[in-house]
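The values are calculated or read from the model by the stated rules, or taken from the named source; none is laboratory data. The model shown is predicted, which means the values in this text are computed figures rather than measured ones. We place every Cβ from the backbone using ideal geometry, glycine too, and count neighbours over all the protein chains shown. SASA here: full protein model, heavy atoms, side chains in, ligands and nucleic acids out. Shrake-Rupley method; radii C 1.70, N 1.55, O 1.52, S 1.80 Å.
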Amino acid sequence: MSQINILLLCGGDGSEHDISLVSAAYIKEQLEKSQDFNIIQVVIHRNYWETSDGSQASLGMDRILKTEKSQFRVDYAIPCIHGIPGETGDIQSFLEIVGLPYLGCPPEGSALSFNKISTKLWFNAAGIPNTPFTFIDSPSPDNLKKAHDFFSKFGAVFVKASSQGSSVGCYMVQQEHLLDDYISKAFSYSTSVLIEKCLRPRELETAVYEYQGKLIVTRPGEIITPNNNFYTFEEKYNQDSHSSTRIEADVSTEIQNEIRKYAEKAFRLLKLKDLSRIDFFLTEEDGVLLNEINTFPGMTPISMFPKMLENHGEHMQDFLRDRVLSAIKNNQQ
């Protein structure tokens with residue numbers, strides 16, 4: 001079999017650019033364990049596509065990736081871009097126009113999952129329990145009153161930019177006089193803002209992925225933050241983080257089954273593909289609540305998705321190989 005040319009896209013101009021590069025390095029390492037794959041890594045930065053040697057690159061409708069020094073016909077793409085423009089569905093739309101099979105969720109499912117408001121509206125419509133919320137589309141006087149009324153009802157809230165990843169633009173607000181300022185900050189990241197009831201739950205995550213024709217939902221892992229505080233961007237990725245993870249959370253079989261049911265329902269409801277990490281809250285008062293869906297979860301050395309996949313019994317290189325070969329086979333039919 002001739003080598004399969006895989007375009008590994010990473011970077012992007014969003015807030016998670018650097019995290020994307022770390023994830024791409026891990027994915028490349030796993031792909032290179034197969035001699036059948038030739039990996040061409042391209043970094044998207046400042047609206048340019050650049051190869052590892054600094055050459056500019058472009059991908060045409062003929063699926064030919066052209067650089068200043070060479071060209072390749074691309075067989076498969078991995079858009080390893082966290083946040084914008086990867087998890088928003090933009091890159092996936094482009095790849096579908098080109099007719100190039102790729103790893104990850106399709107455009108619509110990506111866009112719906114990335115927008116925290118649209119995701120929660122879908123959850124409500126499908127009867128999937130989630131945190132009480134409201135949302136506003138501008139910092140107008142009427143909307144700010146709506147936000148303050150919500151704060152008064154629950155006593156403390158999370159203010160979140162609706163379309164950002166990895167806790168970017170997310171703030172815990174426990175004093176009402178700070179609410180307007182944090183709403184203003186959130187609007188600097190997004191055109192709409194989600195306001196949620198503040199919880200101090202256990203944070204559980206599960207890896208959901210397709211492998212050898214089956215949809216797999218792993219046992220939930222757990223994120224443990226200092227003093228049960230908010231899991232910030234810095235806590236997720238900083239080497240000096242004081243947070244810890246458990247690959248298997250200590251929860252009952254009943255809770256595991258409930259998480260599995262809602263994770264599978266959400267994956268199928270939004271017509272996701274290949275992989276996702278689905279995050280839950282577990283509270284004494286409300287039980288299991290679906291928090292959010294990450295359509296291209298972190299793949300860094302400390303990320304939960306690859307750890308949970310391996311803990312389930314699969315190997316990352318085998319998972320990637322299965323997805324590549326399956327997609328290429330389906331694309332040829």
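Annotations for the structure displayed:
- Subset of region 295-306 [in a loop (DSSP other than H, G, I, E, B) and either surrounded by 23 or more Cβ atoms within 10 Å (Cβ to Cβ) or aliphatic (A, V, I, L, M) (or both)]: THR295, PHE296, PRO297, GLY298, MET299, ILE302
- Long-range neighbours under 6 Å by Cβ, at least six apart or interchain, first residue touching a residue at least 24 places away in the same chain (Cβ under 8 Å) and under 12 Å from ARG202 (Cα atoms) within region 268-297, second among the polar types (S, T, N, Q) and assigned to a strand (DSSP E or B): ASP279/ASN291; PHE280/ASN291; PHE281/ASN291
- Evaluation of PHE133 against (1) within 24 Å of LEU289 (Cα to Cα); (2) at pLDDT below 95; (3) aromatic (Phe, Trp, Tyr) (one fails), failing number: (2)
- Per the listing LEU325, LEU309, the residue uniquely at pLDDT 95 or above and either in a loop (DSSP other than H, G, I, E, B) or closer than 20 Å to GLU264 by Cα (or both) is LEU309.
- Residue among ASP250, ASP240 that alone is of a type outside the set (Val, Ile, Thr), more than 19 Å from the chain's Cα centre (by Cα) and at pLDDT below 95: ASP240
- Enumerated helices (runs of 4 or more DSSP H) restricted to region 65-148, each holding at least 3 residues that are open to solvent by less than 50 Å² (accessible area, probe 1.4 Å) and touching a Leu at 6+ places or on another chain (Cβ under 7 Å): 107-114, 116-126
- Leading residue by the ranking (farthest from the chain's Cα centre (by Cα)) among those in region 176-216 that are within 15 Å of PHE281 (Cβ to Cβ) and open to solvent by 70 Å² or more (accessible area, probe 1.4 Å): ARG200
- Filter result for MET1 (open to solvent by 20 Å² or more (accessible area, probe 1.4 Å), outside any helix (DSSP H, G or I), at pLDDT below 95 and among the aliphatic types (A, V, I, L, M)): yes
- Residues in region 164-197 that are over 15 Å from LYS116 (Cβ atoms) and assigned to a loop (DSSP other than H, G, I, E, B): GLN174, GLN175, SER188.
- Residue among GLU87, GLU96 that is free of Cβ contacts under 8 Å to residues at least 12 places away in the same chain and within 23 Å of ILE44 (Cβ to Cβ): GLU96
- Qualifying residue in region 22-44 (condition: within 20 Å of ASP90 (Cβ to Cβ) and either among the charged types (D, E, K, R) or open to solvent by 70 Å² or more (accessible area, probe 1.4 Å) (or both)): no
- Residues satisfying the stated conditions in region 55-64, i.e. assigned to a loop (DSSP other than H, G, I, E, B), over 18 Å from PHE37 (Cβ atoms) and either modelled with pLDDT of 95 or more or within 28 Å of the chain's Cα centre (by Cα) (or both): GLY60, MET61, ASP62
- For region 244-294, the strands (runs of 3 or more DSSP E) that sit wholly inside it and include 2 or more residues that are closer than 16 Å to PRO106 by Cα are 275-283, 287-294.
- Within region 154-174, one or more residues are over 29 Å from SER303 (Cα atoms), touching a residue at least 24 places away in the same chain (Cβ under 8 Å) and open to solvent by 50 Å² or more (accessible area, probe 1.4 Å).
- Close pairs (7 angstrom Cβ cut-off, 6 or more residues apart or separate chains): surrounded by 10 or more Cβ atoms within 10 Å (Cβ to Cβ) in region 238-263, of a type in the set (Ser, Thr, Tyr) and at pLDDT below 95 anywhere: SER243/THR225; SER243/TYR231
- Residues of region 4-21 that are charged (D, E, K, R) and surrounded by 19 or more Cβ atoms within 10 Å (Cβ to Cβ): GLU16 alone.
- Test: residue in region 109-127 that is within 15 Å of ILE6 (Cα to Cα), touching a strand residue (DSSP E or B) at 6+ places or on another chain (Cβ under 6 Å) and of a type in the set (D, E, K, R): no
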